[in-house]
Each structure stands twice: as C-alpha cells, then as structure tokens.
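Visitor: Just dropping this structure here.
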Amino acid sequence: MKAKEIIGRGEEVHGRLYVKVEKQEVRELIKTLKENKFQHFVMLSCIDWIDDGEFELIYHLWSYEYREHVMISTRIKREGEEMESLHDLFPQIETYEREIKEMYGVNFIGNERLTPFFLEGWPHMPPMRKDFDSKKFIKDVFESIPPVEDEDEGI
C-alpha cells in the first residue's frame with residue numbers, strides 16, 4: 001500500500017489502510033497524504049463509543065493515482081472535547097463537520113459555519129448520540145399532539 005510507505009504506519013483492513021492517531025496528529029497526516037496524491041476527500045464519519053466515553057472521527061481519503069482508500073481515525077472525549085477544523089485543507093470537510101456538530105455535538109474549532117442543516121431551534125441533545133432516548137422523545141413530543149377529528153364523521 002502506497003499510503004503506508006508515505007506515512008510509515010497503519011494496518012490494512014478490508015483493502016483499505018486504517019491509521020489510528022492522536023487528535024493533534026490528524027492535520028499533519030492528512031496534509032502529508034494530500035501532498036502525496038491523496039487529493040480526494042471522501043467523507044468524515046463519527047462513531048459514538050458511549051461505554052468508552054469517546055467519539056471516533058474517521059477521515060476518508062482516496063488517491064486516484066494509487067487507487068487506494070485511507071482512513072485516518074482519532075478518538076476524542078464525548079463531553080466538551082473540540083476538534084480542529086480541516087476545511088482549509090479540503091473545503092468540503094466543512095459540510096461533514098456541520099453535520100457531526102448537529103448530530104453528535106462535536107465542536108470544530110475554526111469552522112465558522114456550524115449552523116444546523118435540519119434541527120434549527122432543536123432544544124434537545126444531538127439525536128445520533130447513543131444516550132439520546134428516541135422513545136422518550138417520541139412520547140414527549142408526539143403523544144401531546146391532540147388527534148385531528150375527521151370532518152366527515154358527522155355525515
């Protein structure tokens with residue numbers, strides 16, 4: 001795998017290079033890969049490891065020249081942790097950071113557009129966190145709505 005030669009670490013998982021790093025290493029590693037023909041940012045994903053009290057952020061990059069997919073993984077605390085925005089390296093990261101902020105509550109320092117996509121005015125905890133109680137939310141919100149009377153009932 002070419003990426004492993006470039007960065008000197010990682011393990012192959014299902015035909016992709018998977019690299020675990022500390023959060024302060026993410027920027028430099030992604031920058032190095034970009035400078036070495038990994039110029040397609042695919043996506044940023046988030047996993048809630050509630051039992052560990054952490055989120056895992058996974059940055060996915062692709063090289064058309066090497067036809068290789070690299071996943072850069074870092075873990076951050078679930079509560080009060082922040083991550084540096086990388087939208088200056090790949091502008092499209094901004095959209096993923098916005099979504100992760102909205103759905104998990106992770107703040108990305110330097111991203112000035114962390115406005116909600118769908119949950120404007122949402123007063124509850126971010127809904128993709130494992131401790132979000134969707135059954136309670138449904139009961140609290142939807143069971144309090146009075147039923148609509150059928151206008152044709154009296155006919």
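The values are calculated or read from the model by the stated rules, or taken from the named source; none is laboratory data. What you see is a predicted model; the values in this text were computed from it and never measured. Because the Cβ atoms are built from the backbone with ideal geometry, glycine has one as well, and the counts that use them run over all protein chains shown.
Visitor: Do you know which of the residues in region 50-76 that are of a type in the set (A, V, I, L, M) and in contact with a Phe, Trp or Tyr (Cβ under 7 Å, 6 or more places away or on another chain) is nearest to TYR104 (Cα to Cα)?
Guide: Selected residue: ILE76.
Visitor: Looking at region 1-31, which of the residues that are in contact with a Phe, Trp or Tyr (Cβ under 9 Å, 6 or more places away or on another chain) and exposed (fewer than 15 other Cβ atoms within 10 Å of the Cβ) is farthest from ARG75 (Cα to Cα)?
Guide: My answer is GLU12.
Visitor: Continuing with the same structure: Looking at ILE100, ILE76, which one is of a type in the set (A, V, I, L, M, F, W, C), within 24 Å of PRO126 (Cβ to Cβ) and in a strand (DSSP E or B)?
Guide: Residue meeting the stated conditions: ILE76.
Visitor: What's the number of the condition PHE38 fails, among (1) surrounded by fewer than 19 Cβ atoms within 10 Å (Cβ to Cβ); (2) farther than 17 Å from MET103 by Cβ; (3) in contact with a helix residue (DSSP H, G or I) (Cβ under 9 Å, 6 or more places away or on another chain)?
Guide: (1)
Visitor: Quick one: which residue in ARG67, ARG113 is exposed (fewer than 13 other Cβ atoms within 10 Å of the Cβ), over 11 Å from the mean Cα position of the chain (by Cα), among the basic types (Lys, Arg) and on the phi > 0 side of the Ramachandran plot?
Guide: None of the other options fit; the residue is ARG67.
Visitor: Okay, next question. Report yes if LEU57 is assigned to a strand (DSSP E or B), touching a Ser or Thr at 6+ places or on another chain (Cβ under 7 Å) and of a type in the set (A, V, I, L, M), otherwise no.
Guide: yes
Visitor: Restricting attention to region 103-122, does a residue exist that is under 18 Å from ARG27 (Cα atoms), touching a strand residue (DSSP E or B) at 6+ places or on another chain (Cβ under 7 Å) and assigned to a loop (DSSP other than H, G, I, E, B)?
Guide: Within region 103-122, one or more residues are under 18 Å from ARG27 (Cα atoms), touching a strand residue (DSSP E or B) at 6+ places or on another chain (Cβ under 7 Å) and assigned to a loop (DSSP other than H, G, I, E, B).
Visitor: Okay, moving on. Tell me yes or no: at least one residue of region 124-133 is surrounded by fewer than 13 Cβ atoms within 10 Å (Cβ to Cβ) and either modelled with pLDDT of 90 or more or in contact with a Gly (Cβ under 9 Å, 6 or more places away or on another chain) (or both).
Guide: yes
Visitor: Here's a follow-up. Exactly one condition in (1) touching a residue at least 40 places away in the same chain (Cβ under 8 Å); (2) touching a His at 6+ places or on another chain (Cβ under 6 Å) is false for ILE76; which is it?
Guide: Among (1) touching a residue at least 40 places away in the same chain (Cβ under 8 Å); (2) touching a His at 6+ places or on another chain (Cβ under 6 Å), ILE76 violates only (2).
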